[in-house]
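Data block below; observations after.
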Amino acid sequence: MSSHTDILKYCNKWNQLGIKTFICKVDKIFGIKKLHKNSIEFNNDIDQLPEGYNFLGVKLGESGLMCLDVEGTNGSIQEFNRIIENSGLKIDDFFIEKTLNDGLHIYFRFNKKIKNQYGLKHGDMNFDLLFNGKSFSAPSKYQNKNYVFINKSVFDLDSINDIPEFPEKLIFLFHASNI
């Protein structure tokens with residue numbers, strides 16, 4: 001099955017959960033920045049991806065989701081794992097995916113209006129807190145890199161309530177310093 005067909009299947013499943021998605025056209029990637037344009041909000045009438053559209057964007061904010069975007073930089077994932085372990089949380093309880101640059105997207109239910117926070121640092125962990133806009137997600141791919149769900153996929157969810165709320169034990173990340 002092609003990734004184009006996969007994108008539509010994933011969009012459909014997200015929509016069944018009440019979460020809006022976008023079909024995006026990513027032309028270039030500069031490190032962690034993705035140059036995209038002309039996003040199209042997915043609806044059930046779309047049965048074929050337009051030419052050149054290759055990414056799925058999950059709509060954050062009004063969909064009731066946020067994304068903790070842990071960068072794939074040296075030591076960042078290890079620091080995140082230490083934080084989780086020291087907080088008594090289990091990574092297997094999270095809804096999480098590997099990103100193009102070997103970072104992590106961890107999705108949480110979150111219904112407060114907060115601006116995105118970029119370039120944050122806690123110990124060796126570099127991360128962004130994304131509350132609105134789009135978060136690129138599986139099965140998006142670019143050249144030989146792709147997004148992949150780790151412990152469960154969107155197809156394992158029966159409702160948005162299967163995505164955990166942002167843990168109180170991690171709220172200190174909201175006060176992390178900018179790099």
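Scanning region 117-160 for residues that are touching a Phe, Trp or Tyr at 6+ places or on another chain (Cβ under 6 Å) and among the polar types (S, T, N, Q), we see that the one that is modelled with the highest pLDDT is Ser137.
Could you go through region 86-98 and let me know if any residue there is more than 19 Å from Thr73 (Cα to Cα) and in contact with a strand residue (DSSP E or B) (Cβ under 7 Å, 6 or more places away or on another chain). Within region 86-98, one or more residues are more than 19 Å from Thr73 (Cα to Cα) and in contact with a strand residue (DSSP E or B) (Cβ under 7 Å, 6 or more places away or on another chain).
Please go through region 106-126 and pick out each residue that is within 12 Å of Gly75 (Cβ to Cβ) and touching a helix residue (DSSP H, G or I) at 6+ places or on another chain (Cβ under 8 Å).
The first filter runs over region 106-126 and keeps only residues within 12 Å of Gly75 (Cβ to Cβ), leaving 121-126.
Those that are within 12 Å of Gly75 (Cβ to Cβ) and touching a helix residue (DSSP H, G or I) at 6+ places or on another chain (Cβ under 8 Å): His122, Gly123, Asp124, Met125, Asn126.
If you go through region 91-114, how many residues are modelled with pLDDT of 95 or more and among the basic types (Lys, Arg)? The number of residues fulfilling the criteria is 2. Taking region 36-75 as the search range and keeping residues that are at pLDDT below 90 and among the aromatic types (Phe, Trp, Tyr), which one is surrounded by the most Cβ atoms within 10 Å (Cβ to Cβ)? Ranking the candidates gives Phe55 first. Checking Lys121, Lys169, Lys115 one by one, the residue that is in a loop (DSSP other than H, G, I, E, B) and not acidic (Asp, Glu) is Lys115 and no other.
Asn101 meets the conditions (1) surrounded by fewer than 18 Cβ atoms within 10 Å (Cβ to Cβ); (2) under 15 Å from the mean Cα position of the chain (by Cα); (3) closer than 27 Å to Gln16 by Cα in every case but one. The failed one is (3). Scanning region 124-164 for residues that are closer than 18 Å to Ser63 by Cβ, part of a loop (DSSP other than H, G, I, E, B) and among the β-branched types (Val, Ile, Thr) yields one hit, Ile163.
How many residues does region 1-35 contain that are assigned to a loop (DSSP other than H, G, I, E, B), small (Gly, Ala, Ser) and modelled with pLDDT under 90?
Going through region 1-35, the residues assigned to a loop (DSSP other than H, G, I, E, B) turn out to be 1-2, 17-20, 31-32.
Pick out the ones that are also small (Gly, Ala, Ser) and you get 2, 18, 31.
When the remaining residues are screened for being modelled with pLDDT under 90, the result is 2, 31.
Summing the residues that are assigned to a loop (DSSP other than H, G, I, E, B), small (Gly, Ala, Ser) and modelled with pLDDT under 90 in region 1-35 gives 2.
Only residues that are surrounded by 12 or more Cβ atoms within 10 Å (Cβ to Cβ) and over 15 Å from the mean Cα position of the chain (by Cα) were counted in region 158-173, giving 5.
The values are calculated or read from the model by the stated rules, or taken from the named source; none is laboratory data. These numbers were taken from a predicted model, which means no experiment stands behind them. Cβ: placed from backbone, ideal geometry, glycine included. Neighbour counts: every protein chain shown.
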